[in-house]
Every structure is written in structure tokens, then in C-alpha cells.
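Worksheet: one structure, shown below.
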Amino acid sequence: MSMNRHLIRITRIAMAILIASLAGHAATITSGGQPAQLDIRAGGDHSIRITLRPLSYTETFPYTPALVERSWPAPAISLRSIDKAVSKRVGGLQVRVKGDPQLTIEISNAAGQAIQTLVFDSASGKLSFQLDSMPVLGMGEGGPQMGQGWEKGEGTLQFDRRGALDPMIPRWQSQVYGSRNPVALLVGTAGWGLFVATPWVEVDLTDKARGVFVPWQRPADTSGRGGVALVQGRPPAGIPQGVFDVFVFDAHRPDVFMKEVSMLTGPAVMPPKWALGYMQSHRTLMDETQMIDIVQTFRDKKIPVDAVIYLGTGFCPRGWNTEQPSFDFNPEVFKRNPKDVIADLHARNVKVVTHIVPWQRDKLPTIQGTIPPRQGETLDVSHIQNYWQQHVKLLEAGMDAFWPDEGDWFNLFERVKRHQLYYQGPLSTRPNVRPWSLHRNGYLGISQWGGWVWSGDTDSSWRTLEAQVMVGINHSLSISPYWGSDTGGFYPNAELTGELYARWFQFSSFTPSFRSHGRTWWTRLPWGWGLSEMGPNENGRNNPNASELNNPAIEPICREYGNLRYQLLPYTYTLARAAHDTGMPLMRAMWLHYPDDPKAVADGSQYLWGRDMLVAPVFKQGARSREVYLPKGDWYDWWTNEKQAGGKTITRMVDLKTMPLYIRAGAILPVDPVRQYTDEKVAEPTTLKVYRGANGQFTLYEDDGISLDYLLNKASWTRLNWNDGARRLTIEPGAPAGAPAVRASRSFKVQLLPEGTTKTVEYKGQKVEVVF
């Protein structure tokens, strides 16, 4: 027995030594061929930040302008080696890390729902993740890169990003998708989100089961100035191979996901209210008389407009300035003092926006700094404050805003910096006046600087119109809430007709940026297809067919949808405040409100305008009907008030003046009288359209439309609650806790639909009820 005890003791000692030996040989974590450190910390309540970096890289995080400056919590998990799985709660998520055979991170939520599994391949440097049967959305603006066979919209248009290898090259391109502004923010509609902040990656979604982030390898630079990196908009050098900075989001609740992204990248600032009105772009100008006459024609024809935009010389034969890049007024156009001309335009209640292009790379070697400058910043030619000073004389002459074009040679960080330039610069000159600018280049994080992007120089075609619906939805999920396109397409051709323009105008009236622009620019005037000529020939031979002119049917359609845009401004402006507060865009993927409906999630041909309106653009030439998918619940046709049961696809008959619009049962839509510009005073009260069939709630938001007081919550919130069973609408103050007391005293018309019964109520900032 004693011999057995002795053997057992020896065996136990040997096992202890073996275990101790194994513990001392835990697998070292490596990345980029070097020993590395893995840190995992909370991003928000529903997201985590995973940082993998070689030990030789001493920064806690690689810098990216996509994220707001903030303090970060200490990592909940920090490892340089791993011998057994480590499980820990990080923020609101559960994380499990294991190292065999590859460094693997499994993430789930508090309800036990799996979110993602990431695998870092130390040999290849790639990061893989799980895919499922649901669409992957987001990934910035634009479709596939040119050269992949899809640039002309051949085959199936890309809404769901799966099935393709995207090299994520930011670039100018035309055709159906427009410019590419890629972002490695993937929205997995099954309930996950991923954002690779560093490194710049290609995104391979060709495999059905797993996606791969492939780190981009910087080519040898032979130019001495960044070479390919500058042309393609890549990030600047300085981040070594093997650094990964990745965010994982729980997206089982889409609204929570959008809020998390907004919190990390900065809340979208409120635009001036006039920016949500219609904007008319001009190209080759005759003179100042023509400029004023066009605005007066809008007023005479009762077609609403809030801003006029003027292109620069060189991009057209005769623009607002001398040859671009230039900050000097063109004396061939302005016969009088430009300040007086702008004052005449202001007297007709339009804002004036000018086209600006940056100095070339040899004159503006980079863009850096803040306005006002921070301590330690170098105030040389590259500093944005010095560059901004060249704009000041334009504001002093009365200019209201800018359209910064080009800049495709700027690297990724500079593109975001340019948005910052056109936000902080105007504020430094006109404090407490909200800036506005429209850009072709963008990236995640621009929302905090305004973040308005248009899709660039697209072709005029029906296929382009169809693709732009998808482009706008994905942009709104992954770059900023503010997007638009050139109404009618930029490059005209025989496919550009009054019919195409009317359909595009209808679509644009339900995109954040509502603007017409393109060559043969007279055909981009709402009345242009009724003229007998199409204006300056800037396009060579490939112009629209002249037989399409003298068409009187288009102008009334544009007037009706322009009026509708302005009537819905109380609703749309409230959506802009929601974008600031919650991160929810104005133009919403169906997934955002119907994540459990696979048919709704996969449909990129229609979208929601806010929570309550469904928009189904018509993009087929000669269409007489449009199939519309209505999610679960009852829906009302905007035009007829006819009720339709949801959960199915319906066929809506259409004529040229009809774009299908549906309103959700329970919706409360504030609708204003027709006005010609956003600040126009009207005598009639706002109508609250109540669509019965379900309980509903809407909080109407109002402020002065121009100042930064909204950041202090100096505004009015009116909460509207509809009790369908009691047929009762309650109107009461709805300001958030701590907001200054702003009581609005006003009249409302309350209209119950579909009956159309109307009652008028006086609201004096205290609770009042309307019973039908």
C-alpha cells in the first residue's frame, strides 16, 4: 500500500510539473509577424472595440478621423499570450477569446444571441468573419468598382453587398452608381455590424459562409508625394502591418445599432432649414440678369426654391468666377457689384451657393489643423484656417454656402478634414449660423461636420435612377444621413427625356438633398422640358433628342412634388433632429424598422422616409404600374387614402404624375400649407393627418432653423399621441428633460383619415385632446 501511495505521490508531482511547464508556454499572440497585444474594451453599451497591435507599435489606438475624440475605458481583456479560452463581459456584450488554432473572438449579447466570430490569421494577416443567409448592407456610397462588369448596371444591381470582392478604392467614377466613397462598415441584417477603422482593407464577400478583410498593401511610391495613395484616396502612411482596430456591433435592434454608430463617429449636426428645400444648379451663365430672371421665374410660376447654385468657370465656359480654382467674381457675368447682385437674389428669398475646387496638390500639399487652431498646430499653407481665409471675402459679399467639388487626390483623412474646413470655417466668420456645404468625397465621421454628399457625375439613364435608390440607402446606413443625386443625371444622352426627369424629380423630392444639376442644364429647370431649346451645348453630340422638348406635362409634375416637399417640411425637419439625436437617417432601409421581415430587408427598390412613409420610386420607362412591398400592418395610399393590408406585394397602377407613397396606419403626419421657400410665412395652420387603424405617436420638433441654439435644446417639442380605440388625439409638450421651457401657442387642423373629418384645435403649450 505504501508503495502505491508513493507512486501516486510521484505521479501527482509529475503532473503538477507538466501543468506548470505548459502554463509557462502559453501561445504568444502575433500579428504582422511580430509578438502582439490584444485589447478588447467597450465601445458603447452594444459595441466593443478590438485592437490588435504588434508590441513595437506603442500607440494605444491608430488615429482615424472617423471617430470623435473621447476618453476610452481601460480594456476589459488584455492579452499577449493565451493558453486557454478567456470569457468576460465587455460592456453589454459577452466575449470569448481562444487561441487554437487561430486567434478567435466570439461575441454574443446579454440575451445569448450570437453576434459574430472573428478569426485573425497570423500567417496571412487577414481577418475573417461569419456570413449568413441575410443581406449585408452599408459599405459606404457607390456600387462595385469599375471594371467588374457592373459599372453600367449590367446584370443585377448591387444592393446586398454579398457575392463580390470589393477593393474599396475611393474614386471618381460616373455611369450608374456614381462616385465611390467606400467605408468598411458592414451592416449584417441578421443582427451584427462590423467596422474596420484600421487598416484599410479590401472586403471579400464571395464566400457564402465567411467574409474576409484583406489588409491593403501600400505599393512602392515613386512619385515622392504619396503616388497611388493620393490618387485613390488611401489613408496616409505610418500604420505598420499587423495593426487592426475593429468595432463589433450588436445590430439585432437596428435603432440601437444606428445610435451606437452615431455616438462613436459623432452626432449629425443640424443643417440650416433652407438646405432641406429645393436647390437649382446652374452651369454656363449669360449674365447677372439671367441669374435673377431664373429666380423670378420660380416665383412667378409658383415653384418653390430655396437656393441657387452656380458652377465655376472652367467646368463650364462661363461660370460665377474666373478660371477655377478662383475666389474672384467673373466680370463677364457680374456687370454690377457682386454684392448688389447677391442682395437682389436674397431679396427674392433664395440662398446663394458657389462651386469651389481646391488648389492642386502642388499648391496645397496637405490639409491639416482645426479652426480655431489648437496649441502646437503649424499655421502654414496647409492649415485649414489659412485656406479658409480666402473664402471670407465671398461671405462678406453675401454668399451663403459652398459646393466643394473635386479633391479626389486628397487622402482619406484629408477628405474628412475638408468637411471640417467647411463647417468650422463658416462658423469662425459667422458665429451661430449653421454652415452648409455639399461634397463629392466623404467617409464615416463627416456627419459631425455637416456630412452632405451627392453621388457625383452619373449618366442620365433609367438604370442609373434605379441604382441611385440603392446607393442612397447604403450611404445613409454607413456614411451620413444626408445624401442626394443630380436630378436627371449629370451626363445627358438620348435617354434623357422629360419623362426620366419627372421620375427623377419625384425621387429627389424624397432624398435629403433635393437638387437638379447636369449638362444641357436648361433641361434641369422644372420648366425646362417645356422650352423650345435646351440651352448651352456643353456635351458635344450626345445630347437629348430635341423632339422631347415643348412638353407641357413636366412642369406641373415638378410643381406638385416641389409643393409636397415643402408641405412635409415639419415632418422632414423633425427627421433631421432625429438624425442628430438617434443616428437614424432620413432615407431609411426597410431593415431599420422591419428587421424580422426578410422580404422587406432584401428590397433595395423602395425605402422609408422616416418611420411612417414608404417611398417606391418609378424607374421603368413608360411604366403603367409599380410593384410595392408593404410590410406587416395596414397602409394608406397617400394619393387616394385607400387602405391596403400589409405583409404582401401589391401592384399600384401609375401614370406619369404618380410615384407610389404609402403611410403606415397609426401615423401622425404634420403637413403645412404650400409655401415657396422655407421661411415664408403662411396664414393657414399645420394639419395633423391621423391615419387610423393603430395607435401612434409623433413628436413634432421646431426651432429657429438657422442658429446653434438647438445644441442647447432651445426648441419646441410637441408630443402627439393617437389612441385608436378611443379615437382620441392628445397634444402636449414633449421636450426632453432639462430642456428650456419653450411653449408654442398655435392652431392645428386635425384630419382623421381615411374619412377626412377635420377639427381645429387651439394649442397653448398645455395638454389638449381632440376626440373623433
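If you go through the range 276-315, how many residues are in a loop (DSSP other than H, G, I, E, B) and aromatic (Phe, Trp, Tyr)?
Summing the residues that are in a loop (DSSP other than H, G, I, E, B) and aromatic (Phe, Trp, Tyr) in the range 276-315 gives 1.
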Matching residues in the range 543-559 - criterion: being loosely packed, with under 15 Cβ neighbours inside 10 Å and aliphatic (A, V, I, L, M): Ala546, Ala553
How about the range 588-628: which of its residues are hydroxyl-bearing (Ser, Thr, Tyr), under 24 Å from Arg565 (Cβ atoms) and part of a strand (DSSP E or B)? Tyr607
Residues of the range 620-648 being open to solvent by 50 Å² or more (accessible area, probe 1.4 Å) and more than 20 Å from Gly693 (Cα to Cα), in sequence order, are Lys620, Gln621, Arg624, Ser625, Glu627
Considering each residue of the range 760-772, count those that are in contact with a Leu (Cβ under 8 Å, 6 or more places away or on another chain) and either surrounded by 14 or more Cβ atoms within 10 Å (Cβ to Cβ) or assigned to a loop (DSSP other than H, G, I, E, B) (or both), and give that number. 2
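I'm trying to understand the selection: among the residues of the range 641-698, which are of a type in the set (A, V, I, L, M) and assigned to a loop (DSSP other than H, G, I, E, B)? Give the derivation first.
So the first thing to find is which residues in the range 641-698 are of a type in the set (A, V, I, L, M), and the list is 645, 650, 653-654, 656, 659, 661, 663, 665, 667-669, 671, 674, 682-683, 688, 690, 694.
Across the range 641-698, the qualifying residues are Val654, Leu656, Met659, Ala665, Ala667, Val674, Val682, Ala683, Ala694.
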Of (1) surrounded by fewer than 23 Cβ atoms within 10 Å (Cβ to Cβ); (2) part of a loop (DSSP other than H, G, I, E, B); (3) in contact with a Phe, Trp or Tyr (Cβ under 9 Å, 6 or more places away or on another chain); (4) not hydroxyl-bearing (Ser, Thr, Tyr), Leu444 fails just (1)
Which one of the conditions (1) open to solvent by less than 70 Å² (accessible area, probe 1.4 Å); (2) at pLDDT below 95 does Glu59 fail to meet, given that it meets all the rest? (1)
Kindly check whether there is at least one residue in the range 735-754 that is modelled with pLDDT of 95 or more, open to solvent by 70 Å² or more (accessible area, probe 1.4 Å) and assigned to a loop (DSSP other than H, G, I, E, B). no
Looking at the range 98-128, which of its residues are more than 26 Å from Trp216 (Cβ to Cβ), assigned to a strand (DSSP E or B) and out of contact with any Gly (no Cβ under 8 Å at 6 or more places or on another chain)? Lys98, Glu106, Ser108, Ala114
As an exercise: evaluate Pro670 against (1) under 29 Å from the mean Cα position of the chain (by Cα); (2) open to solvent by 10 Å² or more (accessible area, probe 1.4 Å); (3) touching a residue at least 12 places away in the same chain (Cβ under 8 Å) and give the number of the one condition it does not meet. (2)
Across the range 731-757, which residue is nearest to Arg719 (Cα to Cα) among those that are free of Cβ contacts under 8 Å to residues at least 24 places away in the same chain and among the hydroxyl-bearing types (Ser, Thr, Tyr)? Ser745
Filter the range 199-218 for residues that are surrounded by 11 or more Cβ atoms within 10 Å (Cβ to Cβ) and modelled with pLDDT under 90 and give the result. Trp216, Arg218
Filtered residues of the range 158-183 (kept if hydrophobic (A, V, I, L, M, F, W, C), surrounded by fewer than 24 Cβ atoms within 10 Å (Cβ to Cβ) and touching a Ser or Thr at 6+ places or on another chain (Cβ under 9 Å)): Phe159, Ala164, Leu165, Trp172
Within the range 246-255, track down each residue that is in a strand (DSSP E or B) and farther than 17 Å from Ser122 by Cβ. Phe247, Val248, Phe249, Asp250
Can you pull out the residues in the range 687-701 that are surrounded by fewer than 20 Cβ atoms within 10 Å (Cβ to Cβ) and within 30 Å of Gln280 (Cβ to Cβ)? Thr687
Hey, can you tell me all the residues within the range 163-205 that are in a loop (DSSP other than H, G, I, E, B) and farther than 25 Å from Pro235 by Cα? Gly163, Gln175, Val176, Thr189, Ala190, Gly191
Could you list, in sequence order, all residues of the range 451-474 that are open to solvent by less than 10 Å² (accessible area, probe 1.4 Å) and either without any contact (Cβ under 8 Å) to a residue 40 or more places away in the chain or not in a helix (DSSP H, G or I) (or both)? Gly451, Trp452, Val453, Trp454, Ser455, Gly456, Thr458, Ser460
The residue from Val615, Val654, Val671 that alone is in contact with a helix residue (DSSP H, G or I) (Cβ under 7 Å, 6 or more places away or on another chain) and among the aliphatic types (A, V, I, L, M) is Val671
When residues of the range 337-366 are filtered for being under 17 Å from Gly314 (Cβ atoms), buried (at least 16 other Cβ atoms within 10 Å of the Cβ) and among the polar types (S, T, N, Q), how many remain? 1
Those residues of the range 491-542 which are farther than 22 Å from Val654 by Cα, open to solvent by less than 10 Å² (accessible area, probe 1.4 Å) and assigned to a loop (DSSP other than H, G, I, E, B) amount to Pro492, Pro512, His517, Gly518, Thr520, Leu525
Might you let me know whether the range 255-271 holds any residue that is at pLDDT 95 or above, of a type in the set (Asp, Glu), more than 30 Å from Trp192 (Cβ to Cβ) and surrounded by fewer than 20 Cβ atoms within 10 Å (Cβ to Cβ)? no
Going by the conditions given, is Asp405 open to solvent by 20 Å² or more (accessible area, probe 1.4 Å) and either of a type in the set (D, E, K, R) or within 26 Å of Gln173 (Cα to Cα) (or both)? no
State which residue is surrounded by the fewest Cβ atoms within 10 Å (Cβ to Cβ) when the search covers only the range 387-399 and only residues that are of a type outside the set (Phe, Trp, Tyr) and under 16 Å from Pro325 (Cα atoms). Lys393
Could you list, in sequence order, all residues of the range 330-348 that are out of contact with any Lys or Arg (no Cβ under 8 Å at 6 or more places or on another chain) and in a loop (DSSP other than H, G, I, E, B)? Pro331, Phe334, Lys335, Arg336, Asn337
Restricting attention to the range 369-386, does a residue exist that is surrounded by fewer than 21 Cβ atoms within 10 Å (Cβ to Cβ) and part of a helix (DSSP H, G or I)? yes
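The values are calculated or read from the model by the stated rules, or taken from the named source; none is laboratory data. Given the structure is predicted, the values throughout are model-derived calculations rather than measurements. Ideal geometry is used to build each Cβ from the backbone, glycine not excepted, and the neighbour counts take in all protein chains shown. The protein model used for the area step is the full one, side chains on, heavy atoms only, and it has no ligands, DNA or RNA in it. Shrake-Rupley method; radii C 1.70, N 1.55, O 1.52, S 1.80 Å.
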